[in-house]
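The values are calculated or read from the model by the stated rules, or taken from the named source; none is laboratory data. Nothing here was measured: the structure is a model prediction, and the numbers come from that model. Quick reminder, even Gly has a Cβ in these numbers, built from the backbone with ideal geometry, and neighbours come from all protein chains shown.
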Amino acid sequence: MELLVVIAIIGILTSIVTVALGSAKQKSRDGRRTADIKLIQLALGLYYSDNGMYPVNIYAAAGAAPAGGLAPNYLPTVPIDPSRGTCSLGTEAGCYAYTAYWAAAEGSGASCNATTKVPIMYHIGAALEDTGNQGLVTPGGDIDAAYAYFSANYTACTTAAYGRFNGNALNCAVTDTAASPDNCYDLRP
């Protein structure tokens, strides 16, 4: 009988520890996501300083602006979501959401380039696992920029699967509908 009680107590303690570790892992991944987005934002600032424009795709291979990405000149490798596998063209599931924009006054039509439709704005985001994460409400952090804000003032350089997202939508989705609560941590310059 005493052995059964000890086994039951060990089982209960194991369950409590497992739940606590799951929450800690979730917070750790969210911390990495927000740090990654801020690191990419710093690299984008350097890219803009050097080129006078932002890249069309931060994950693209190195090359001339705006077609060239951030690696290896501005980051050794561009970070990807910690709970996803890979990030490359065609498999954007692990990529952070990113869209570059040119000024709407430049007109519509052709994609961004270095002479006429120069990318002068960007929107970057990551879907956090915890909708109660303090990064989502901290002043000076998450901006909750809706796609409508950008489309009124800018034209998107790309329509890639990881681009054109709503910063106030669940999982940084490509939608005009805001979510409450939202888990999209997003920034712009």
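Out of ASP36, ASP30, which single residue is of a type in the set (D, E, K, R), under 30 Å from ALA114 (Cβ atoms) and at pLDDT 90 or above?
Working: ASP30 fails: under 30 Å from ALA114 (Cβ atoms).
Testing whether each residue is of a type in the set (D, E, K, R), under 30 Å from ALA114 (Cβ atoms) and at pLDDT 90 or above leaves just ASP36.
Just for the stretch 145-189: of the residues that are polar (S, T, N, Q) and in a loop (DSSP other than H, G, I, E, B), which one is modelled with the highest pLDDT? Explain how you work it out, then say what you get.
Of all residues in the stretch 145-189, those polar (S, T, N, Q) come to 151, 153, 155, 158-159, 166, 168, 171, 175, 177, 180, 183.
When the remaining residues are screened for being in a loop (DSSP other than H, G, I, E, B), the result is 158-159, 166, 168, 175, 177, 180, 183.
On the way: THR158: 70, THR159: 58, ASN166: 85, ASN168: 86, THR175: 77, THR177: 77, SER180: 80, ASN183: 90.
Among them, the one singled out is ASN183.
Considering only residues in the stretch 52-65 that are of a type outside the set (Phe, Trp, Tyr) and in contact with a helix residue (DSSP H, G or I) (Cβ under 7 Å, 6 or more places away or on another chain), the one that is farthest from PRO189 (Cα to Cα) turns out to be ALA65.
So in the stretch 122-144, with the set limited to residues that are charged (D, E, K, R), at pLDDT below 90 and closer than 13 Å to CYS172 by Cβ, which one is surrounded by the fewest Cβ atoms within 10 Å (Cβ to Cβ)?
In the first step, residues of the stretch 122-144 are kept if they are charged (D, E, K, R); the result is 129-130, 142, 144.
Among the residues that remain, those that are also at pLDDT below 90 are: 130, 142, 144.
Those still in the list that are closer than 13 Å to CYS172 by Cβ too: 142, 144.
Numbers: ASP142: 24, ASP144: 17.
Going through the qualifying residues, I end up with ASP144.
Name the single residue that is modelled with the lowest pLDDT among those in the stretch 79-115 being outside any loop (DSSP other than H, G, I, E, B) and among the hydrophobic types (A, V, I, L, M, F, W, C). Here the answer is ALA93. Entry remark, the stretch 119-141: residues being over 30 Å from SER108 (Cα atoms) and in contact with a helix residue (DSSP H, G or I) (Cβ under 6 Å, 6 or more places away or on another chain) number 6 in total. Annotation for the stretch 155-164: at least one member residue is closer than 18 Å to ALA100 by Cα, free of Cβ contacts under 8 Å to residues at least 60 places away in the same chain and surrounded by fewer than 16 Cβ atoms within 10 Å (Cβ to Cβ).
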